[in-house]
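Each value in this text was obtained by applying a stated rule to the coordinates, not by laboratory testing. Keep in mind it's a predicted model, so treat the numbers as computed, not measured. Here the Cβ positions follow ideal geometry from the backbone for every residue, glycine too, while neighbour counts run over all protein chains shown.
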Amino acid sequence: MAETFELKNVQSQLNSISESLSDGTFVQVRKLLHDLQPGDVALLLESSPSKTRNELWQLIDADFHGDVLEELSEDVRNGIISKMVPSSVVDALEDMDTDDLAETLSSLPDPILQSILKSMDAQDRLRAEKALSYGEDTAGFMMNTDTITLRPDVTIDVVLRYLRLKGELPENTDTLYVVNSHDNLIGTVPVTKLLTSSPDISVNEIMNEEAKTIPVNMSDSEVAGMFERYDWLSAPVIDANKTLVGRITIDDVVDIIREDAEHSMMSMAGLDDEEDTFAPVGQSTKRRSIWLGVNLVTALMAAAVSDLFEATLSQLAVLAILNTIVPSMGGVAGNQTLTLVIRGMALGHVSQSNAVWLVKKELAIGFLNGIIWATLIASVIALWKQDFMLGVVIAFAMLMNMIAAGLAGATLPIIMKRLNIDPALAGSVILTTITDVVGIFAFLGTATLFLI
């Protein structure tokens with residue numbers, strides 16, 4: 001319900017802004033944009049065609065450019081930055097958190113990135129280069145460096161006076177970190193405990209020395225899993241020497257979860273999860289053509305198998321009518337297994353210790369489903385075509401393909417993961433090829449042996 005309201009609100013705002021742009025009342029558009037939150041402005045930009053988007057960006061107050069860029073999807077953000085002069089980009093990036101800065105810069109083409117880095121002052125360039133030094137999809141890449149650290153020997157009263165002098169805390173601060181003279185993390189102090197403890201005692205007396213930490217090189221999916229498992233709002237990030245280098249907050253993890261969900265959904269169709277809905281025709285055509293080319297190759301493989309049985313098809317035309325049933329059923333069954341296993345891997349449920357058991361389980365499900373649907377299809381075909389042997393042939397092919405679908409759906413994600421290939425991106429295409437080839441070969445091959 002909330003999502004429907006938000007979409008209607010965006011559409012209403014878009015209509016109002018489009019009318020104002022058409023009428024040339026740019027002052028009205030600027031006022032509308034100024035009254036919106038950065039996330040809402042970003043949503044408007046992403047929902048606008050390229051020409052309107054460029055006009056809107058020119059009307060947004062330059063002081064808010066950085067806030068809006070943080071909220072934009074990668075494709076849209078890169079398109080806007082590519083049309084800005086480097087000095088304007090530097091001004092927009094100046095106040096960005098480290099994690100947002102790293103994400104923004106890492107997605108830019110190298111010539112634009114180098115141009116922006118050259119335009120930065122020494123301090124900002126160092127901050128940007130350090131942020132980029134961590135590998136993408138790691139804890140170091142997604143962390144913030146805005147941490148508040150304490151010494152173990154100071155009193156609570158001193159800490160509270162320091163915080164009052166500081167005036168404000170970094171966003172989503174629920175814990176302060178205790179470090180030694182070498183900046184090694186030795187404990188944590190929840191803000192709630194700090195506020196409710198006697199001001200005369202030292203930090204050392206209330207700190208938690210067994211707080212869980214996140215290694216700087218941990219993958220972002222593992223980080224998200226830990227936040228889910230322990231219900232964290234924030235967590236400290238340490239390097240190999242146990243030096244505190246930053247923290248990760250729940251808002252960063254929500255972004256990762258959303259991005260992973262979008263990636264899985266879009267990858268199934270061979271699309272980039274950050275693809276701009278209103279990207280230029282040529283750019284979108286180029287991206288989609290690559291995946292369509294891959295699908296064409298796999299379709300030709302299935303057609304080549306059918307071609308092996310051209311003589312069989314010419315002698316018994318009914319086989320051509322029934323030839324799509326077996327591959328279709330196998331494809332659906334295989335994709336069910338594939339989706340389940342990919343989800344299990346994303347949640348951390350699938351490991352080396354239970355992978356074999358999972359494959360056996362899906363193989364058994366494929367066999368049982370094969371028996372059920374083979375019996376049903378054999379009965380239907382035998383009654384429909386008044387040919388008992390034809391029913392037996394298609395039943396055998398259905399059983400073989402269901403078993404193959406279960407086996408392929410369970411093993412493909414595991415094998416691809418070990419080869420560092422994204423199962424969500426390529427798994428569906430390979431699986432469909434397997435079920436098509438096995439289904440067609442089993443059906444037409446068995447028909448050739450027993451019906452011709």
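Taking every alpha-carbon pair under 8 Å whose residues sit at least 6 apart, region 330-452 reaches a relative contact order of 37 percent.
Please give every one of the lysines within straight-line cross-link reach of LYS417, meaning a C-alpha to C-alpha distance under 25 Å, and leave out same-chain neighbours fewer than 8 residues apart. List returned: LYS360, LYS361.
Charges were assigned to the Cβ only: +1 to each Lys and Arg, -1 to each Asp and Glu. The resulting dipole of the chain about its Cα centre is roughly 1840 debye.
Estimated purely from DSSP H runs of n ≥ 4, each contributing -39500 (n - 2.57), the mean residue ellipticity at 222 nm for the chain is -22000 deg cm²/dmol once divided by its residues.
Per-residue Cβ neighbour counts within 10 Å put VAL356, VAL253 in the sequence VAL356, VAL253, beginning with the fewest. Pairs over the 20 Å Cα-Cα cut-off, from the set LYS130/LYS242; LYS212/LYS242; LYS83/LYS118: not a single one. Normalised by the number of residues in the chain, the average gap of Cα pairs under 8 Å and 6 or more apart makes the relative contact order 12 percent.
With the charge dipole of the chain set up from +1 on Lys and Arg Cβ and -1 on Asp and Glu Cβ about the Cα centre, the Cα lying farthest toward the positive end among the listed residues LEU195, ILE371, MET96 is that of ILE371. Computed over the alpha-carbon pairs of region 88-191, the distance histogram in 5 Å steps reads 2, 10, 19, 18, 15, 13, 11, 8, 3, 1, 0 percent, short to long.
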